[in-house]
Amino acid sequence: MGVGGISRLGDYSFRLERGFLPGMRRTARVFVTEVGLEAARADGSLEQLARTAALPGGVGEVLAMPDVHRGYGFPIGGVAAFAADGDGVVSPGGVGYDINCGVRLLVTPLGEDEVRARIEELADALFAAVPCGVGAGARRALSGRELRKVLIRGARWAVEHGLGFAGDLEACESGGALEEVDPEAVSDRARERGRGQLGTLGSGNHFLEVQRVAEVLDEEVAGVWGVDEPGRVAVMIHCGSRGLGHQVCDDYLKRLRGSAESASSGELVSAPVESGAGRAYLGAMAAAANYAWANRQVITAEVRRVLAELFGRAAGASPLLYDVAHNIAKFEEHRLEGVTRRLLVHRKGATRAFPAGHPELASRFREHGQPVILPGDMGTASYLMVGEPGVLELSFGSTGHGAGRVLSRRAAVKRLRGRDVRAELAERGVSVRWEGRRTLYEEHPEAYKDIDEVVAVCRGAGLARPVVRLEPLAVIKG
DNA sequence: ATGTCC
């Protein structure tokens, strides 16, 4: 065993041995550099991983992605699998407050020059079309009856209402809806919050960006995905389940904290998958996840409407390349030591990266693997990546989810207040629109890790490799 | 992340 219960496995891989913290039932593996390991120790995320490894019913190792940092109970960038039955557990903290926070990318037929020529007009139109900011509401609230359909059908609900194409659904992880939804497990309060927020962006690191293909790093895969032409314009949408998902998480943290079925210690609460409380949480989580998929689909329809108005019919039909969920728990089959098992895989601030040949992928992605979307911070870059062949064995087919914070919001505001962030971004050729008074400080690139570093470690660790680098032309923030 | 404290 290494010093202090930590063994080095490689340049980008460390193992927390069971001696790292009393009570660990399994080891944890951390895909970081030495510097990243020290940061994870300092912010408490190693201890959170070790506590996760103490939960019952775990399968394989607990994992931390290169962008790991401290979260509520369970680190952001954490991945943990549990048996789908028997003593396996589910943990709301292992999914996070923003259930099915995720990212999608629309690929337009437009080139950089024609879009730059009208970028201010486009940014204004997108900002006007998509409500954003804390508490932002939709123009029209759904009835309780209609909301229920959204919770059951996810992105399909929007497509059935003319807000998208059938092809959009197969470009979503899980087809844009989880099955085994239990709308009755979603509280009245959560549903009330959800009725008026469908099609809204929210705040924080959520964004809507007009981007250009800046660099093609894997010609073959980029070709298959239609993003192999430098200067091609794409639109990235990063948001989640708004107040509804937040309320679901809050409701079940409280319920499980007080439940006899729950194995809770401090922030990390959980319940057996097969218990009443565990099943109820999973049914409510699925409903919130479906709300998030519908939310991204409704925003997509608004984006296409704006593109059609400014650039014509073809731009308005821009296809969806893919939609990933980076805060979710899913039932998946994985092969361990020659045996295929059904597991509940929690990914919190981690992206599924199913590689070439995975049976769950739509045929279009079967040959090369699914697109993995890593959103960057405002004004820098984002990446498309693809899972490496060994990623299923290394991390249950998971990789990082973006550039994690290095400054808290409060610290960012304190350090950056007084700077003309709009002008700084304009100098880099990025036009920005925002709602909140502190947003440009809280979301400043200096408040985030370097996305290139996260991408390099994902690659170095053998999880995923970069396919395309995207850079922003315009950013819409809450 | 979040009607950033019902």
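Laboratory data are not the source of any read-out in this text; all were calculated from the coordinates shown. Since the structure is predicted, the reported quantities are computational estimates derived from the model, not experimental observations. Cβ atoms come from the backbone with ideal geometry, glycine included; neighbour counts cover every protein chain shown.
Descending by average beta-carbon neighbour count within 10 Å, the peptides A:413-424, A:371-382 line up as A:371-382, A:413-424, the highest first. The gain in end-to-end length when the residue A:305 to residue A:250 segment is fully stretched comes to 16.3 nm, 0.36 nm per residue minus the alpha carbon separation. Site pair residue A:419 and residue A:437 shows an inter-label distance of 2.1 nm when each label is modelled 7 Å from Cα along Cα→Cβ. Taking only Cα atoms, what is the 0 to 90° angle, nearest 10, from helix A:242-257's long axis to the longest principal axis of chain A? Approximately 10 degrees, to the nearest ten. Look at the alpha carbon pairs under 8 Å that are at least 6 residues apart: their mean separation over the length of segment A:102-477 gives a relative contact order of 24 percent.
Sorted ascending by nearby beta carbons within 10 Å, beginning with the fewest, A:65, A:385, A:24 become A:24, A:385, A:65. Taking Cα atoms only, the orientation of helix A:451-460 departs from the longest principal axis of chain A by about 50 degrees. Compute the distance in nm between two label points, each set 7 Å from the Cα along the Cα-to-Cβ direction, one at residue A:134 and one at residue A:85. With each label placed 7 Å out from Cα toward Cβ, I get 4.7 nm.
Lys-Lys pairs in chain A that are eight or more residues apart or on separate chains and whose Cα atoms lie under 27 Å of each other come to 11. Using the Kirkwood radius over Cα pairs, work out the Stokes-Einstein diffusion coefficient for chain A at 25 °C and 0.890 mPa s, in µm²/s as a whole number. So the translational diffusion coefficient is about 111 µm²/s.
Extension gain, residue A:215 to residue A:160, is 16.2 nm, computed as 0.36 nm per intervening residue step minus the present C-alpha separation. Kindly provide log₁₀ I(q)/I(0) values, in the same order as q = 0.21 Å⁻¹, from the Debye equation applied to equal alpha-carbon scatterers of segment A:203-323. These q points yield log10 I(q)/I(0) values of -1.14.
A helix-only calculation puts chain A at -9500 deg cm²/dmol for mean residue ellipticity at 222 nm, using -39500 (n - 2.57) for each DSSP H run of at least four residues, averaged over all residues. Neighbour counts of C-beta atoms inside 10 Å place A:304, A:25, A:139 in the sequence A:139, A:25, A:304, starting with the fewest. Taking the C-alpha atoms only, the angle from helix A:144-153 to the longest principal axis of chain A is near 70 degrees.
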